[in-house]
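Student: Take a look at this one; I'll ask things after.
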Amino acid sequence: MNDQPRIAVIITAAGASRRMGGVKKEYRALDGRHDAAGKPLTVIGASFLAFAAVPGVDAIVITYPPAPAGTGGSGYGHGAPAHGEEALRAALPAIPDRASPALITVPGGETRRESVHRALEALAARDGPAPGAVLIHDGARPWVDRDLIERVTGAALRHGAAIPLSPLSETPKEHEGGFIKTHLKRDRIGAAQTPQAFIWPDILEAHRAAHRAAQSAAQQTADGENRYTDDAEVWGIYGGAAAIVPGSPRNRKITFPEDLAAPGAERDGEGGVPRVGTGRDIHPLVAGRRFLLGGVVIPFTRGEAGHSDGDALTHAVIDALLGAAAAGDIGELFPDRDARYRDADSMELLKTAWRAVRARGFTLGNLDCVVICEAPKILPWREHIRASLALALETDAARIFVKGKTNEGFGQTGQGRAVETLATALLFAKNS
């Protein structure tokens, strides 16, 4: 997506969560997941991190429920008030420096359509270059991944608008008055997901047209303001036809408390065969290069030499993952004789390798890493590195650990002329 226009994201989180028993679902913690600061990761936090990690996303707008009159924005019994900007920001995660799009918060309206319209107007009022496309996402879909985000964005840039559609597993029927009215064809019907992507400023103009129509009492009486259940419907009336891309079965929406459990079998060893891989890398330290570990830039007088950006830890992690999956090694996937990988971002290489591993049916159990160098000290940067790797692997930082060691003066590493890294990955083979 590096050659594509700037991308803006709207995450809707202004609803009342009535089916969660009055608890604001976007602020609920996901099972066992934590952010870079060790704080439990919330539903809205996971959605935010997913988009923040995608290249090209430079602004994220989140809608929130304004505090009811006379409440002072408080009254939520799970550690934060349910309403207001303060409650939303308290529910957002700590993120690594490398994932830092602009954050804009907007109070929502009485309907979803009104909330999205307010968010679009906030984007229109923002200084700087306009986005090329806008993605609109339900804040209660925390398992959205980069692959789906990039596929729907690319389709929108080609066709003007695109939405993910998942096939139905049961035969739908239209009913009326307690009797079947129409037998619908399942292969022509799908369930809409988000993010839904649209080109800018066309989606803004479509929502402005819908807003003007809502201001007309006659239009409101005839059509009903609450009829818009998603933005593809607004686009279909005031914009045009939206293309479809295959949705993801993991990208489900949280509606009830039991939905907070992770989809699929992401839990340790659940029905899977364990596979272990190891990785090792060593790079000389030279002047004029950045010192990179796990995608985090650490201030130091020297950095790793290498064909790519030299991130020795990320290279070891790639080999550990590929080894556990018996899927080759880093030299096969990204050979240093290939000019495409000169000065390449190693975190992007990691994401590519991880997608290949996941495509073979593997899930991550845990990742344990060792960094061996005399300086700089690793401990002050450990949580940043854990969070950065977790972001690339679309997992919880609690599954990843990083330790710093010295080589007690022995060899090039012990003399401060190199950094050495080791990684061990535990995967579970779901199809074995």
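The values are calculated or read from the model by the stated rules, or taken from the named source; none is laboratory data. It should be emphasised that the depicted structure is a prediction, and the values quoted were computed from it without experimental measurement. Cβ atoms come from the backbone with ideal geometry, glycine included; neighbour counts cover every protein chain shown.
Student: Is it true that some residue in segment 361-373 is farther than 18 Å from Asp281 by Cβ, under 19 Å from the mean Cα position of the chain (by Cα) and in a loop (DSSP other than H, G, I, E, B)?
Tutor: no
Student: Of a type in the set (Ser, Thr, Tyr) and either crowded, with 23+ Cβ neighbours inside 10 Å or within 20 Å of Ile372 (Cβ to Cβ) (or both): does that describe Thr352? Even if it seems obvious, please write down each step before you answer.
Tutor: On the way: of a type in the set (Ser, Thr, Tyr): yes; either crowded, with 23+ Cβ neighbours inside 10 Å or within 20 Å of Ile372 (Cβ to Cβ) (or both): no.
Considered against the rule, which asks whether it is of a type in the set (Ser, Thr, Tyr) and either crowded, with 23+ Cβ neighbours inside 10 Å or within 20 Å of Ile372 (Cβ to Cβ) (or both), Thr352 comes out as no.
Student: Please determine, by comparing only the residues of segment 361-408 that are under 17 Å from Ile298 (Cβ atoms) and among the charged types (D, E, K, R), which one is surrounded by the most Cβ atoms within 10 Å (Cβ to Cβ).
Tutor: This residue is Arg386.
Student: Next question. Could you run through segment 282-317 and say how many residues are of a type in the set (D, E, K, R), within 15 Å of Ser346 (Cα to Cα) and buried (at least 17 other Cβ atoms within 10 Å of the Cβ)? Step through it out loud before you land on a result.
Tutor: At the first step, the residues of segment 282-317 found to be of a type in the set (D, E, K, R) are 289-290, 302, 304, 309, 311.
Now drop any that are not within 15 Å of Ser346 (Cα to Cα), which leaves 289-290, 304, 309, 311.
The next check asks that each one be buried (at least 17 other Cβ atoms within 10 Å of the Cβ); those that pass are 289, 304, 309, 311.
Final tally of qualifying residues: 4.
Student: Can you tell me which residues in segment 371-405 are of a type outside the set (Asp, Glu), more than 27 Å from Arg355 (Cβ to Cβ) and out of contact with any strand residue (DSSP E or B) (no Cβ under 7 Å at 6 or more places or on another chain)?
Tutor: Answer for segment 371-405, where residues must be of a type outside the set (Asp, Glu), more than 27 Å from Arg355 (Cβ to Cβ) and out of contact with any strand residue (DSSP E or B) (no Cβ under 7 Å at 6 or more places or on another chain): Ala375, Pro376, Pro380.
One line per residue, one yes/no per condition, for (1) in contact (Cβ under 8 Å) with a residue 60 or more places away in the chain; (2) of a type in the set (S, T, N, Q); (3) more than 19 Å from Asp319 (Cβ to Cβ):
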| site | (1), (2), (3) |
| --- | --- |
| Asp345 | no, no, no |
| Val357 | yes, no, no |
| Phe362 | yes, no, no |
| Glu374 | no, no, yes |
| Ile378 | yes, no, yes |
| Leu391 | yes, no, yes |
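Student: For the structure I just gave you, tell me whether Ala398 is outside any loop (DSSP other than H, G, I, E, B), of a type in the set (A, V, I, L, M, F, W, C), modelled with pLDDT of 90 or more and in contact with a helix residue (DSSP H, G or I) (Cβ under 9 Å, 6 or more places away or on another chain). Steps first, answer last, please.
Tutor: Details: outside any loop (DSSP other than H, G, I, E, B): yes; of a type in the set (A, V, I, L, M, F, W, C): yes; modelled with pLDDT of 90 or more: no; in contact with a helix residue (DSSP H, G or I) (Cβ under 9 Å, 6 or more places away or on another chain): yes.
Considered against the rule, which asks whether it is outside any loop (DSSP other than H, G, I, E, B), of a type in the set (A, V, I, L, M, F, W, C), modelled with pLDDT of 90 or more and in contact with a helix residue (DSSP H, G or I) (Cβ under 9 Å, 6 or more places away or on another chain), Ala398 comes out as no.
Here is a yes/no grid of residues against (1) touching an Asp or Glu at 6+ places or on another chain (Cβ under 9 Å); (2) within 27 Å of Ala213 (Cβ to Cβ); (3) β-branched (Val, Ile, Thr):
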{"residue": "Gly84", "(1), (2), (3)": "no, no, no"}
{"residue": "Ile104", "(1), (2), (3)": "no, yes, yes"}
{"residue": "Ala119", "(1), (2), (3)": "no, yes, no"}
{"residue": "Gly139", "(1), (2), (3)": "yes, yes, no"}
{"residue": "Asp145", "(1), (2), (3)": "yes, no, no"}
{"residue": "His159", "(1), (2), (3)": "no, yes, no"}
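Student: Could you identify the single residue in Leu426, Leu391 that is under 27 Å from Gly38 (Cα atoms), aliphatic (A, V, I, L, M) and part of a helix (DSSP H, G or I)? Quick ask: steps written out before the conclusion?
Tutor: On the way: Leu426 fails: part of a helix (DSSP H, G or I).
Testing whether each residue is under 27 Å from Gly38 (Cα atoms), aliphatic (A, V, I, L, M) and part of a helix (DSSP H, G or I) leaves just Leu391.
Matching residues to (1) of a type in the set (A, V, I, L, M, F, W, C); (2) assigned to a strand (DSSP E or B):
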position	(1), (2)
Thr153	no, no
Leu165	yes, yes
His175	no, yes
Ala191	yes, yes
Thr194	no, no
His211	no, no
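Student: Among (1) surrounded by fewer than 22 Cβ atoms within 10 Å (Cβ to Cβ); (2) within 21 Å of Glu26 (Cβ to Cβ), where does Lys173 come up short?
Tutor: (2)
Student: Where residues in segment 109-135 are farther than 11 Å from Trp200 by Cβ and touching a Leu at 6+ places or on another chain (Cβ under 9 Å), which of them is surrounded by the fewest Cβ atoms within 10 Å (Cβ to Cβ)? Can you show your working first?
Tutor: Narrowing segment 109-135 to residues farther than 11 Å from Trp200 by Cβ: 109-119, 121-122, 125-128.
So of that shortlist, the ones also touching a Leu at 6+ places or on another chain (Cβ under 9 Å) come out as 117, 121.
Numbers: His117: 22, Glu121: 16.
Among those residues, the one meeting the criterion is Glu121.
Student: Then there's this: Testing Leu148 on (1) farther than 14 Å from Ile7 by Cα; (2) surrounded by fewer than 17 Cβ atoms within 10 Å (Cβ to Cβ), one condition comes back false. Which one is that?
Tutor: (2)
Student: Filter segment 243-291 down to residues that are acidic (Asp, Glu) and modelled with pLDDT under 90 and give me whichever is farthest from Gly328 (Cα to Cα). Before you say what the answer is, go through the steps one by one.
Tutor: Within segment 243-291, the subset acidic (Asp, Glu) is 258-259, 266, 268, 270, 281.
Checking which are modelled with pLDDT under 90 leaves us with 258-259, 266, 268, 270.
Working: Glu258: 39, Asp259: 37, Glu266: 24, Asp268: 24, Glu270: 25 Å.
Filtering segment 243-291 for residues that are acidic (Asp, Glu) and modelled with pLDDT under 90, the one farthest from Gly328 (Cα to Cα) comes out as Glu258.
Student: May I pose another question? Check segment 314-322 and report whether any residue there is under 29 Å from the mean Cα position of the chain (by Cα) and at pLDDT below 95. Before the answer, list the steps.
Tutor: Our first condition is that a residue be under 29 Å from the mean Cα position of the chain (by Cα); within segment 314-322, this holds for 314-322.
Those left that are additionally at pLDDT below 95: none.
No, there is no match, as no residue in segment 314-322 is under 29 Å from the mean Cα position of the chain (by Cα) and at pLDDT below 95.
Student: Here's something else I'd like to know. Quick one: His159 ticks every box in (1) closer than 25 Å to Tyr27 by Cβ; (2) in contact with a strand residue (DSSP E or B) (Cβ under 7 Å, 6 or more places away or on another chain); (3) not β-branched (Val, Ile, Thr) except a single one, so which number is it?
Tutor: For His159, the failing item is (1).
Student: Go through (1) in a loop (DSSP other than H, G, I, E, B); (2) touching a strand residue (DSSP E or B) at 6+ places or on another chain (Cβ under 7 Å) for Ile136 and report which single condition fails.
Tutor: Here Ile136 meets the rest and fails (1).
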